[in-house]
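For reference, the structure is listed below as structure tokens.
The values are calculated or read from the model by the stated rules, or taken from the named source; none is laboratory data. In this text the structure is predicted, and so the values were computed from the model without any measurement. With ideal geometry, Cβ positions are generated from the backbone for all residues, glycine too; neighbour counts draw on all protein chains shown. Ligands, DNA and RNA are stripped out before the accessible areas are found, and what is left, the full protein with its side chains, is counted by its heavy atoms. Shrake-Rupley method; radii C 1.70, N 1.55, O 1.52, S 1.80 Å.
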Amino acid sequence: MHRIEKKENFCIKNMTSFKIGGDIAKIYFPKNEIECAEVLERNPNIRVFGNWSNTLVSSYGFDGEVMSTSKVDNIIIEDTRIIAGAGVKGPMLSKIAMENGLSGLEFMIGFPGSIGGEVYMNASAHGQAISDVIESVTLYSEDEGFFRLSKEEMQFEYRKSICHNNPYIVLGAEFNLKKKPIDEIKAKMEENLSFRKSHQPMMTLGNAGSIFKNPQGDSAGRLLDSCQVKGMRIGGVKVWENHANFIVHDNNGTSLDVLELMLQMYTKVYEKYNIKLEPEVRFLGHNNLREVEICKTLYQK
Ligand code: EPU
């Protein structure tokens, strides 16, 4: 364990896309699957994070251990197949696939996340999902050690995989892509980027992507918009004026500001439509009683 990079009382704020978060007591940065397994063997219940782009970390910190897969960034390309470690960033993989004339990952160009998180939650946009191009996933669990599951065995659904109901950690994935002219792939990526620029906040404005998942057959953005939440502010964060399912951090906000605002958004939709929106953003923290109380309502499932 002593070889594995670790930091103590590590301020996570600037690593997160929200630009919010306090100190984490101990964080491990393994560099490969073997090092990940060592950390996981010692602490099987450790929370695992990738690029901190879909996560709200408490401003009151976290006095436990976490593992970041951000340095597990191996990439192998073999003809139409790409094997990538959990820490490889989506936009980087999207560009590498394009440069090799491989299509299927164009949607990832505007996603700040990394492969581990994107596989875990079956990231999707613009009619493409990561599950469309997955061949297999390398996982780790305390009981089974390393193992591989095929796309079918991963039980992908909208923003869901087998990992949600099992203690499985995604360590990497193998993709099977389609050969296409580079210009065509580039054009699709540019189209996706311009959608993102016109519909979603830039990453320079702290945010964590969509706050809630779309309920089946409906749109969280549309439901929230009809409850007039746009522009609603608590402390240093507000609901983005251009899309009701984004919270932006523009003025020294805290995690409690975000959670209070999420609770107001959730409550408005529940009262008007009797629909309980499910957060897409993960939360890490347990030191503030009000935060714990809000999470009991928001993260019921
Ligand atoms: N809408 C409103 N008001 C709003 C926002 C949206 O009426 O304030 C309506 C839109 O007009 C549209 C519908 O809601 O008819 C859906 O909106 P949008 O096209 O923006 O897509 P989305 O469902 O909000 C999803 C993903 C995004 C992904 C986009 C593009 C979820 C929760 N979000 O957003 O993913 O980029 O589609 O494909 O599924 C993310 O998960 O973090 C993310 C950004």
Go through segment 267-293 and give me each residue that's crowded, with 20+ Cβ neighbours inside 10 Å and over 20 Å from the mean Cα position of the chain (by Cα).
Val269, Glu291
Looking at Phe107, Phe10, which is the one that is open to solvent by less than 70 Å² (accessible area, probe 1.4 Å), touching a residue at least 60 places away in the same chain (Cβ under 8 Å) and aromatic (Phe, Trp, Tyr)?
Phe107
Checking the structure you have, find out if any residue of segment 102-113 is in contact with an Asp or Glu (Cβ under 8 Å, 6 or more places away or on another chain), part of a helix (DSSP H, G or I) and at negative phi.
yes
Any residue at all in segment 167-189 that's under 19 Å from the mean Cα position of the chain (by Cα), open to solvent by 30 Å² or more (accessible area, probe 1.4 Å) and under 24 Å from His249 (Cβ atoms)?
no
Gly217 - would you say it is open to solvent by 80 Å² or more (accessible area, probe 1.4 Å), free of Cβ contacts under 8 Å to residues at least 12 places away in the same chain and more than 7 Å from the ligand (Cβ to nearest atom)?
yes
Could you run through segment 78-97 and say how many residues are open to solvent by 20 Å² or more (accessible area, probe 1.4 Å), in contact (Cβ under 8 Å) with a residue 12 or more places away in the chain and either in a loop (DSSP other than H, G, I, E, B) or within 18 Å of Lys179 (Cβ to Cβ) (or both)?
5
Looking at segment 52-72 only, could you name the residues that are under 24 Å from Asn288 (Cα atoms), in contact (Cβ under 8 Å) with a residue 60 or more places away in the chain and of a type in the set (S, T, N, Q)?
Ser53, Asn54, Thr55, Ser58, Ser59
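Would you mind stating whether Lys197 is open to solvent by 20 Å² or more (accessible area, probe 1.4 Å), out of contact with any Lys or Arg (no Cβ under 8 Å at 6 or more places or on another chain), at pLDDT below 95 and not in a strand (DSSP E or B)? If you could, list the steps in order and put the result at the bottom.
Details: open to solvent by 20 Å² or more (accessible area, probe 1.4 Å): yes; out of contact with any Lys or Arg (no Cβ under 8 Å at 6 or more places or on another chain): yes; at pLDDT below 95: yes; not in a strand (DSSP E or B): yes.
Here the answer is yes, as Lys197 does meet what is asked.
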